[in-house]
Every structure is written in C-alpha cells, then in structure tokens.
Amino acid sequence: MVASLHFFGAGIYKAINSQQGSMIYLSDLPTGALAHVSSFLAAPSRALFAVAINSRDSSSAIVGNQWDALDFGEIEKELAAKISDDDIRAVLLSIDAINNLRSLWLTNCINITGVGLDPLRGSTIIQDIDLSLVGVHESCRLDPEPPISCAEVIPILDSIIERGEDCSLEHLQFPNEWRRERNTVSDFHAFLTRYNDYLNSRADVCLKCSCNLPGGGRMLQMDGRYQYGTQKFACYDCMKQYCDDCRVDEIWGFCGKCERSYCAQCQTVKYCHCCENVYCVDCIDFKQCSQCDDDEHACLDCILADRVGWGGCRNNCCADKIWCNYCVDYRDAVSWCENCNESYCRDCCNSDVYAVEFCGNCEESLCGQCRVKKCKEGSHCERRWGIHCERSCEQLSFPVLLKDREKMQAQINELQTQINELENERREQSNEINELKRKVKDLTGELEVV
C-alpha cells in the first residue's frame, strides 16, 4: 500500500509546464498548501498521506504534533483492510508514536501480523491499545481469522509493561482469536499472567466507593469461556474502574457480542432473559415481548419471528404482537399442532375450540380438526404412565364436533335463505310474465275489433 501511496504522492497530481516541458510533483508544492489540504483528512489518512509524500519537511507539517489517539476506524473499512505492517510502522514513525501516542485502535486492519507495532516498543506514554481489529459495537469474531500473531505482538507489549512504574498502560483489548480457547501453557496465557501482575502492582481505587481494588492477581479474567483475557474492573470507553461490589448490573455490563466491558455512563446494556446474555443496546436490538413483564427484555436472536416454522397465528389475530422464545417454550405463548404444524397463539388456544390443546392421556398437542380426524379414524387415546386425564381426545373432540355442527347448521340456514330468496324471485318473475301475457291478450283483442 505504501508503494501505491508513493505513486499517488509523486505522480497523480502533476502538471506539465508547456514552455519548459518540466514535470511538477505533488511533493514540490508549498508545504503550507499540503498541510492545509491534509487538515481536511481523517487522522489515519493524514498520516498515510505524509508517508506517501516522503519529504521530511512536508511530512512534519502534514502530520502535526497532536497525536494523542490514532483510530484506523476513521477511514474506509476497505482501505483499512489493505493496510500492511509496513504501513503501520511508517505511520507510527511519522507521528513519533513513542513520544506522542496514548491510544491506538487497529480497527479493520485485518491483514497485519503486528510486527509493524515495533515503533511502540518501550513506550512509557501509551495507555490503551485495542488489538481486536473490529470497530465499536461490532462482533469480535472475524472470519477468516486474521493473521495477527502473538509471537510478533507479545514481545512489544512486554517491552512496554517492563518499564514498571514508568509504564502508563491501562487497558489492552486482545483479538478474540487469542482468547477463544484457554490454554495455560500458551505464550498468550503466560503474557496474561505477567500483565495481570503489572495491573495488580498499580491497582487504583474504585470510582464509586473509593475502596482499593482487590488486587491479589485478580485484575484480569484468567478463566471463563467468553471473558477470558479481559480486564475485570476497567470500562472499555473511559477506563474508569469499579470493584466487585460496585460492578452490579445497574452500573456495569459485559457485552456478549463485542466482548467489551462498559460502565453505565458510557454504554447502556440489557439482559436478555431468554439466552441469559448481556448485550450493548448498540450491538443488538431488544424487543418487549407481549407476554413478558415490563422489566424483561429479549434480544432479536430470541424473538419468535426468526424461528423456523413460525408464520403467525393461524387465525391471523396477532400481527402486532411479539413473543420471545422463553414464553413460547415455557409459558405456552404459542402452541403447534403435532400433526399439521399449524400454530395458534395463547389467546386463541383459550377461546377457539379449533386451536391446539394438550391431551393428558396420550400427551399429544393437536388442533381441533386433527384431533377429530384422529378419533374418526379409530385411533384410541391411550393412557400413558397409568395416569387418567379427564380431558381425553374424545372429550376434547366433542366441542369441535358441536362447533362443526353449528357451522354446518349455519351453512344450511344460509342455503335455505338463498333458496327462499330464489323462490321469491321466481314468483315475482312468474307474476311479471302473467302480467305481460294479460297485456298481450288485451292488445290482441283490440286489434281484432279494429
């Protein structure tokens, strides 16, 4: 990518002097003009532009000296994905990162191994490094796995924390690929132990209660499936810290999607009572189930609308209702017929004889029509486990048959009404015909007289 940027800097903006035939390169333009133009670029683009110019004076003017933070998420995702380790190294050198940079986010730099971070080796001012390669509120799982390497990065991180009291590092966000499986003999786990000792040696006080953080080797999550390798007490955004007693749901949450910890001042998190995960509201949308209590929420992954086979209640009565999987599985919000797979909502199951009901004898959930069909075919409702239920299939079928009879009688009555109406129309037409015949006869008599 650097080569292409050099081409851009040297040749894409060029002019030919028509009299002398000389070529003017972009790097030949006044430094002030280049610095002014670059001021409209995002910080990473400005640094890459300075690298492409490859002129000490111009590059310094373009880069400037305000480099507390560098986030590659500020440039286009496609461009960040093309950045190489050489590009990272060149950018860090051009901004004098070891003396200026406090926060670094390698967002979307999915094709680096990490060797390009070498200019940060031994930094005493870097405070926050995000190696996850994903943006804020994006899934931390990348496919295919990025090539970022523990072997390349860990020695650089070791050189930072080895500075002891001079070190300013407060927070590291590691790639999900490194944290996915806990391996106590891996180089990564060994570094976590060293980093944990470093954090423990400089533990602060809780922001809320002002007590000392627990220390004792507990600053990092050294086990667990999802939180392994994450810092237990530090908020990802503000890096403020809270003790165990204060890290309750009201002021703290670990998101199961982006796998970052946030305090309530920086991010709102919600608990999904279905999958029992906590998510940032900016990571996953939540819905209010029509049957749940007001303080219960379900993430979109646990909403019935996404469930295979759910096409709504057969009676089309609940288009404006939402059900979570928990209410479907454990609170009978929706029931399916085991024979035809038609679904009915809870209200219909309580009021409609054709909806699904459960037979305690044969332990089958059938809709009314399928239950009647079963009984007419001679299938016996056998008792299971020697337990007799008063609401057997035959008894459950009786209201359906009565309803069928009522519907059939209503159809007969409707047909009889139509027959009566047709008979009345026939009589009226017959009277009209007789009247026409009478008039014709009268006219015929008049003509004979004439």
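The values are calculated or read from the model by the stated rules, or taken from the named source; none is laboratory data. As the structure is a computational prediction, the values presented were derived from the model and not from experiment. No Cβ is skipped: glycine too gets one built from the backbone with ideal geometry, and neighbour counts run over all protein chains shown. Side chains are part of the model used for accessible areas, which takes the heavy atoms of the whole protein and leaves out ligands, DNA and RNA. Shrake-Rupley method; radii C 1.70, N 1.55, O 1.52, S 1.80 Å.
Some points to look at:
- Rolled with a 1.4 Å probe across the full set of protein chains, the surface gives residue 271 an accessible area near 110 Å².
- Residue 219 contributes an accessible area of around 10 Å² to the protein surface, as traced by a 1.4 Å probe with all chains present.
- When you restrict to C-alpha pairs under 8 Å that are six or more residues apart and normalise by the size of the chain, the relative contact order lands at 6 percent.
- Segment 315-450 - percent of accessible surface contributed by carbon and sulfur, probe 1.4 Å: 50
- Summing Cβ point charges (Lys, Arg +1; Asp, Glu -1) relative to the Cα centre of the chain gives a dipole of roughly 300 debye.
- Dipole of the chain, positive end: most advanced residue of 149, 200, 36 [Cβ charges, Cα centre]: 149
- Student exercise, segment 288-377 dipole from Lys, Arg, Asp, Glu Cβ charges, in Debye to nearest 20: 540
- Magnitude of the charge dipole for segment 98-213, about its Cα centre and with charges confined to Cβ atoms of Lys, Arg (+1) and Asp, Glu (-1), is about 240 debye.
- Prolate/oblate/rounded label for the chain (Cα gyration tensor, a/c 1.5): oblate
- The accessible surface of segment 21-172, taken with every protein chain in place and a 1.4 Å probe, is 48 percent carbon and sulfur.
- Listed residue (115, 239, 103) projecting farthest to the positive dipole end of the chain, Cβ model: 115
- Area accessible to solvent at residue 338, 1.4 Å probe radius, in Å²: 110
- The chain - accessible surface per residue (Å², probe 1.4 Å): 57
- For the residue pairs 321/374; 240/270; 257/321, the alpha carbons lie more than 22 Å apart in 321/374; 257/321.
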